Structures are given as C-alpha cells and as structure tokens.
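For reference, the structure is listed below as structure tokens.
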Amino acid sequence: MILLPLLALVIGIVIVPLIGIMPLKGEWARYIAVASIAGVDTVLGGIRAGLEGKFRNDVFFTGFLANVLIAFFIAWLGDRLGIDMYLVAAIVLGSRIFTNLSLIRRWLLTKWQDSRERARREREQASAAASTTANP
Amino acid sequence: MTNPFLKHVNTKSWEWPVSLVSLLLGVMISLAWINQKTQAERSEQLPPDIRRRYIEGRIDLNELTKLSEEVSRLREENTKLQNAMADNSKQSKVLNESLQEVKMFSGLTDVEGPGLTITLRDSEDESSGMPEDRIIHDGDVLRTVNELWASGAEAIEVNGHRIVMNTSFRCVGPVIHVEGVPIAAPVMVRVIGDTKTLEGAMKLPGGVLDELRSQDPNMVQIDRVTKHRFKAYAGNTVRKYIKLPEAKK
C-alpha cells in the first residue's frame, strides 16, 4: 500500500549508480536537490490523498511537475539575485513534509485501531452467536 | 466492509501513479546525491558558514600534527642533503648557499635570534566595555603581525605556527584559526628582529595595541627575549598555478 511507492523510491535511488550515471555536478545538482525536496513533499501529499480517498491523477501529476519546477526556479532565481532563496523552498517544503507525514501517521494509526476494534466486535458477535446457538 | 466511509474510497488507483513519480523522485535524489567526486565542487557552492562547518568537520587535528612533524623532519633532511651535495664542488656550494638563504627568507628553515614575545590575553575585567571588546579577535592578531612586519620583523611565530607569506588568520566562533588550525587564548606572538624598533612599534600611542591596552592594560604584555628559536614552516608549499616564466635567451 504505502510500501509500493517506498519501494519505487529505493529502486529509483539505486538504479542511477547501477546503470552508471554519475551524480550531477555544480549548480544543477543543487537545483535538483531543492527540486527533489519538492518531489518528496508531493509524493507524500499523494500518499496522504490516496489514503484519505481524495486522490486524483491530474492533480497529483500537475502538482508534482509544478512543485518541482517552482522549487528549481526559486533556487535558480535566488542564485541569480544573490539571495539564498533555496532556503525558502527548503523551509516551506520541509514543514509541509512534516505535516503530510503526521497526517499519514494519524491515518494509519486510526486505521489500525479501527481494525482492532472491528475484530473485537466480530469476536463478541461470534461468541454471542455461539452462546445463542448453544442455548436455543 | 462494514465501514461506510471506506465504500467510496478508491483504494487501488493511487498506488501506481504515486509509485511512478516516486521512482522519478528516487532518480532525482540520486542525481543530486553528494558523493566523493562531486564533494569538493559542491562544497564550493555551499554558503560560507555551512562550508566552514563542513570543512572543519573533516580536519583531524592529531593527524595534522603528525603530518606537520613529518614535513618538518623531511624538510630538515632535505637541507642536510643539499648541504651534503654542496660539499662536492665549489659551484654547488655557492648554489646551496643562495638556496639556504631563500629558504630562510621564506620560513622553510629553523631560525633563531633576539626579539620580543607579545602576549595577547582576553580581559578578565568584566566591569568595563562590551563583552566583545574584552576578547582577542583575529583582527587584533592580524594587525599585530602586520605592524611587526612593517617595523622590520624578520620572522614571526604565533602560538607555535610560523608565519609565512600565505599565512591566514580567521575567526571561527570563539577561536582564532591560523591556517585552519585553531589556537587558544592567550595568543603568543613571537618575533625576531630589532628589539628596540619592534618594542617601539608595539608601544606606539594610537598603534595597533593601544585600543586593547585602553580597554584593559592586562590584555597586552610585551617581553624582550634575547634568543628565540622558531621551527620551520610545516604547512603546504605545493603550488598548482604559479610557474616560473621561461627565461629569455
């Protein structure tokens, strides 16, 4: 469920050195780094939306593209203007990552508690049913 | 499924798009990863404070001391070898003499001579002035060294570090760095040169140390020394970009 995106992430990270592409150099690497923080935020947002049942393909893909490009552009613009604008992107996206993660955690926690509660009820019902059939 | 909310939830369709993008994200992260090769270049782009922390984390002080000692030993050996070579002929003897002169000038040999020891201490008098005025800064050391050169100093050492043409002083948080090696207060500036001239320069009214002295006279102490002995410069002397211009024939 959430494991599939995580697995994909790990595969993505591992596949690049495996097929022999070296990490980028210079400014590009830095912009990509900021852009990947935006990507992390969007993917977590997507997982969250998926768990909450609000997931929409179009929103997710455009969101990913837009966030990555905007983060990239902010970092680039900051370098041109001599302001550390990538920090702005990093701070905003970082705080959103925290928010998304906490919501995912809450959702999983609720679901877990919910399933336990349901299992308990079913056991009770089953035992009640058993007792009623035992004493007709 | 008895949960009424879960009935309308599309539980499967989000996984594949998210995984696809997640894969792309993994590739991006991998591309921006800092590895051994891109490390040096990336650190140049870090903001100065982060870069400083990053570089300092990589200096192993014990290793540095050990290597410096090794360098001193090898340089000494080099001098001995040059001397031995010079014994062979008169020509090479002359050459060697001029070589040793150059080495002495640039601080690559041990030297000794009369001079001063100037001790700069942080003030312990907490009653006057701002806290930042009560401590010795990199600028104080730098100005002192500069003034000493200006008044004819021939060799200078700061807390055991020989000062050569490319020695730098930097302030890193609470400590001063001499060529990237932190030194602690009190700062001992030892100098070889004409004792009287140097002392005059250091006691000049309105001079470099006057400000410190007016803050707290105990911050500056000047002692005459009849014989200093300085070790040779043990830092890096490898030059990458400068070359001798080709001689015209």
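The values are calculated or read from the model by the stated rules, or taken from the named source; none is laboratory data. These numbers were taken from a predicted model, which means no experiment stands behind them. Cβ atoms come from the backbone with ideal geometry, glycine included; neighbour counts cover every protein chain shown.
Could you say whether any residue in the stretch B:180-189 is in contact with a strand residue (DSSP E or B) (Cβ under 6 Å, 6 or more places away or on another chain), in a helix (DSSP H, G or I), surrounded by 18 or more Cβ atoms within 10 Å (Cβ to Cβ) and on the phi < 0 side of the Ramachandran plot?
no
For the stretch B:190-207, which residues satisfy the criterion of being part of a helix (DSSP H, G or I), surrounded by 13 or more Cβ atoms within 10 Å (Cβ to Cβ) and of a type outside the set (S, T, N, Q)?
Once the filter is applied, which keeps residues that are part of a helix (DSSP H, G or I), surrounded by 13 or more Cβ atoms within 10 Å (Cβ to Cβ) and of a type outside the set (S, T, N, Q), the stretch B:190-207 yields B:Leu198, B:Glu199, B:Ala201, B:Met202.
Could you check the stretch A:1-32 and list, in sequence order, the residues that are in contact (Cβ under 8 Å) with a residue 40 or more places away in the chain, more than 19 Å from A:Leu101 (Cβ to Cβ), surrounded by 15 or more Cβ atoms within 10 Å (Cβ to Cβ) and out of contact with any Lys or Arg (no Cβ under 9 Å at 6 or more places or on another chain)?
Selection gives A:Tyr31, A:Ile32.
Does A:Gly46 satisfy the criteria of being more than 7 Å from chain B (Cβ to nearest Cβ), farther than 16 Å from B:Leu31 by Cα and assigned to a helix (DSSP H, G or I)?
Numbers: more than 7 Å from chain B (Cβ to nearest Cβ): no; farther than 16 Å from B:Leu31 by Cα: yes; assigned to a helix (DSSP H, G or I): yes.
It is false that A:Gly46 is more than 7 Å from chain B (Cβ to nearest Cβ), farther than 16 Å from B:Leu31 by Cα and assigned to a helix (DSSP H, G or I).
Within the stretch A:36-59, does at least one residue satisfy the condition of being modelled with pLDDT of 90 or more, loosely packed, with under 14 Cβ neighbours inside 10 Å and closer than 28 Å to A:Ala8 by Cα?
no
For residues in the stretch A:16-41 being more than 7 Å from chain B (Cβ to nearest Cβ) and within 20 Å of the chain's Cα centre (by Cα), which is farthest from A:Leu93 (Cα to Cα)?
Here the residue is A:Val34.
Yes or no: B:Arg229 of a type outside the set (Asp, Glu), under 24 Å from the mean Cα position of the chain (by Cα) and more than 25 Å from B:Arg170 (Cβ to Cβ)?
Yes.
Any idea which of A:Ala89, A:Ala119 is at pLDDT below 90, at negative phi and of a type in the set (Gly, Ala, Ser)? Please lay out each step first, then the result.
On the way: A:Ala119 fails: at pLDDT below 90.
Only one candidate qualifies: A:Ala89.
With the requirement that a residue be loosely packed, with under 14 Cβ neighbours inside 10 Å and in contact with a helix residue (DSSP H, G or I) (Cβ under 8 Å, 6 or more places away or on another chain), what does the stretch B:95-121 give you?
Hit for the stretch B:95-121 is B:Glu97, nothing else.
Looking for whichever is of a type outside the set (Lys, Arg), part of a helix (DSSP H, G or I) and more than 19 Å from A:Val68 (Cβ to Cβ) here; the options are A:Val34, A:Val10, A:Val40, A:Val16. Which one fits?
Just one listed residue meets the conditions, A:Val10.
Quick check on A:Ile74: is it crowded, with 17+ Cβ neighbours inside 10 Å and farther than 30 Å from A:Glu27 by Cα?
Numbers: crowded, with 17+ Cβ neighbours inside 10 Å: yes; farther than 30 Å from A:Glu27 by Cα: no.
So A:Ile74 does not fit the description; no.
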